[in-house]
Amino acid sequence: MHITPYLSFAGNCEEAFTFYESALDGKITFLMRNREAPPAMSSPDRAEKIMHATFTFAGGVLMGSDTPPAHYVPPAGTWVSLSLNNPDQAETIFAALSPGGRITLPIQQTFWARRFGMVTDRFGTPWMINCE
């Protein structure tokens with residue numbers, strides 16, 4: 001059994017996953033637009049929006065889609081947590097996710113970790129970067 005976070009976006013899923021390709025050194029392995037779905041499941045005004053995307057990177061998978069505007073709710077109460085073994089890599093990833101976002105806790109040494117930081121990226125996804 002695996003747990004895979006599924007992220008909802010307000011129309012910018014493809015942009016976010018392209019950003020994650022660079023920030024997390026991964027790859028979008030699946031991308032389906034609404035226009036590729038059966039006609040009964042698609043609407044012309046959302047044809048280019050992402051119905052489903054899969055992103056893979058070392059140690060993980062993220063999935064996501066563009067949520068219809070009437071149903072989109074920004075993430076709250078949940079964080080995507082990345083556990084790393086290398087403090088330099090933790091700092092690099094934290095720095096890559098931070099531009100245009102909001103840093104809740106700068107990455108730093110703590111009593112439980114060599115590095116720990118919290119940032120919500122510019123797409124609204126909250127991240128915890130932990131290097132034990």
Filtered residues of the range 45-67 (kept if surrounded by 15 or more Cβ atoms within 10 Å (Cβ to Cβ) and either charged (D, E, K, R) or over 13 Å from the mean Cα position of the chain (by Cα) (or both)):
46, 49, 50, 51, 52, 66, 67
Among 94, 116, 123, which is over 15 Å from the mean Cα position of the chain (by Cα) and surrounded by 15 or more Cβ atoms within 10 Å (Cβ to Cβ)?
116
Within the range 4-28, how many residues are over 16 Å from residue 75 (Cβ atoms), among the small types (Gly, Ala, Ser) and buried (at least 17 other Cβ atoms within 10 Å of the Cβ)?
2
Please find, within the range 32-44, the residue that is nearest to residue 8 (Cα to Cα) out of those that are surrounded by 16 or more Cβ atoms within 10 Å (Cβ to Cβ) and in contact with a helix residue (DSSP H, G or I) (Cβ under 8 Å, 6 or more places away or on another chain).
34
Of the residues 87, 75, 106, only one is under 25 Å from residue 130 (Cβ atoms) and exposed (fewer than 13 other Cβ atoms within 10 Å of the Cβ); which?
106
Listed by first then second residue, the pairs whose first member lies in the range 1-19 and is in contact (Cβ under 8 Å) with a residue 60 or more places away in the chain, whose partner is aromatic (Phe, Trp, Tyr) and not in a loop (DSSP other than H, G, I, E, B), with beta carbons under 6 Å and at least 6 positions apart or on separate chains, are 16/9
Please count how many residues of the range 57-74 are among the small types (Gly, Ala, Ser) and out of contact with any strand residue (DSSP E or B) (no Cβ under 9 Å at 6 or more places or on another chain).
2
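No lab work stands behind these numbers, since they all come straight from the coordinates. Predicted model, so just to flag it, every value in this text is computed and none were measured. Glycine gets a Cβ as well: all are built from the backbone with ideal geometry, and neighbour counts include every protein chain shown.
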